[in-house]
Amino acid sequence: MTKLLIALAFAMAAHAADPPMVELFNGKNLEGWQVAGDGVWTVMSDGTLLGQRDTKLPKSQYNPDQSWLYTTKEFTDFDLHVEWWTRLGGNSGVSLHDTSRARYSFGPDADPKRTPSHVGYEIQISNGYKDKYPSGSVYLFHSAKTGFQKDNDWNAFDIESHDGHIRVKLNGQLVSEYAGDINRPKAGPIGLQLHDRSTIAMFRNIRIREIPPATAAH
């Protein structure tokens, strides 16, 4: 019993020492973020971040034809909370550690083998999009458990990136986990995806906790 109490005390002390979550998106403007591609990103009156594509633009001759929104700051070990919504059939995602900042996701440099999910990691967002990786998957690496998503409604991710290890909770349930690829970057920006010209996605309550290296390794 004494050993158990000591272990619990250490666990509580370590948790108490964690830095607090801070707002990554201020709900007012795109300060601290930058657009990659031709996505149209606006902040709605209620503070929701809306991302969409201008369908009046001509169809791109390049494949892929994505757009992204990236933090200007880069992060190594962190806990990330983000709430999201996408249209029926929508495809979006949250990028981690993508040092390319989607350079190869659109335009003359477009290369489907060098998109953010091939450079860093992408946590999949899907609302019925035909793909073997459902929402919460570490795209290309681990297919998420299903049954926890609220289709056509708001959903929440809690994403941990600690010492290269990635864990994803969808609406509070652990749905995906991946030990990490030693050949992929250990740090980079946070990105939000507009997969194609039909994508409409909304985000809110984007918060992050940066974890000191020693704590992350523990």
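Which ones in region 73-116 are closer than 18 Å to Tyr133 by Cβ, touching a Phe, Trp or Tyr at 6+ places or on another chain (Cβ under 8 Å) and not in a loop (DSSP other than H, G, I, E, B)?
Val82, Trp84, Asn91, Ser92, Gly93, Val94, Ser95, Leu96, Pro116
Restricting attention to strands (runs of 3 or more DSSP E) lying wholly within region 32-72, give those where 2 or more residues are within 18 Å of the chain's Cα centre (by Cα), farther than 15 Å from Pro189 by Cβ and in contact (Cβ under 8 Å) with a residue 24 or more places away in the chain.
Here the list reads 49-52.
Please find, among Asp163, Asp181, the residue that is charged (D, E, K, R) and in contact with a helix residue (DSSP H, G or I) (Cβ under 6 Å, 6 or more places away or on another chain).
Asp163
Does Gly164 satisfy being more than 16 Å from Arg87 (Cβ to Cβ) and at pLDDT below 95?
Answer is yes for this residue.
Could you give me the residue pairs with C-beta distances under 6 Å whose first residue belongs to region 74-103 and is more than 10 Å from Gln193 (Cβ to Cβ) and basic (Lys, Arg), whose second residue is modelled with pLDDT of 95 or more and buried (at least 20 other Cβ atoms within 10 Å of the Cβ) wherever it lies, and which are 6+ apart or on separate chains?
Note: pairs meeting the criteria are Arg101/Ala36; Arg101/Tyr70.
Count, please, the residues in region 3-49 that happen to be of a type in the set (A, V, I, L, M, F, W, C) and modelled with pLDDT of 95 or more.
Of the residues in region 3-49, 13 are of a type in the set (A, V, I, L, M, F, W, C) and modelled with pLDDT of 95 or more.
Out of the residues in region 187-218 that are over 30 Å from Lys59 (Cα atoms) and exposed (fewer than 15 other Cβ atoms within 10 Å of the Cβ), state the one that is modelled with the highest pLDDT.
Across region 187-218, the extreme among qualifying residues is Ala187.
Is it the case that some residue within region 152-160 is surrounded by 22 or more Cβ atoms within 10 Å (Cβ to Cβ), within 28 Å of Asn29 (Cβ to Cβ) and either small (Gly, Ala, Ser) or over 17 Å from the mean Cα position of the chain (by Cα) (or both)?
no
Collect the residues in region 120-137 that are under 20 Å from Lys186 (Cα atoms), assigned to a strand (DSSP E or B) and not aliphatic (A, V, I, L, M), keeping them in residue-number order.
The answer is Tyr121, Glu122, Gln124.
Filter region 52-91 down to residues that are under 24 Å from Met21 (Cα atoms) and either exposed (fewer than 15 other Cβ atoms within 10 Å of the Cβ) or not aliphatic (A, V, I, L, M) (or both), then give me how many there are.
Matching residues across region 52-91 total 15.
If you go through region 80-119, how many residues are under 14 Å from Lys186 (Cα atoms) and either at pLDDT below 95 or touching a Lys or Arg at 6+ places or on another chain (Cβ under 6 Å) (or both)?
So the count comes out to 0.
The values are calculated or read from the model by the stated rules, or taken from the named source; none is laboratory data. Because the structure is predicted, anything quoted here is derived from the model rather than measured. Every residue, glycine as well, gets a Cβ built from its backbone with ideal geometry; the counts of neighbours run over all protein chains shown.
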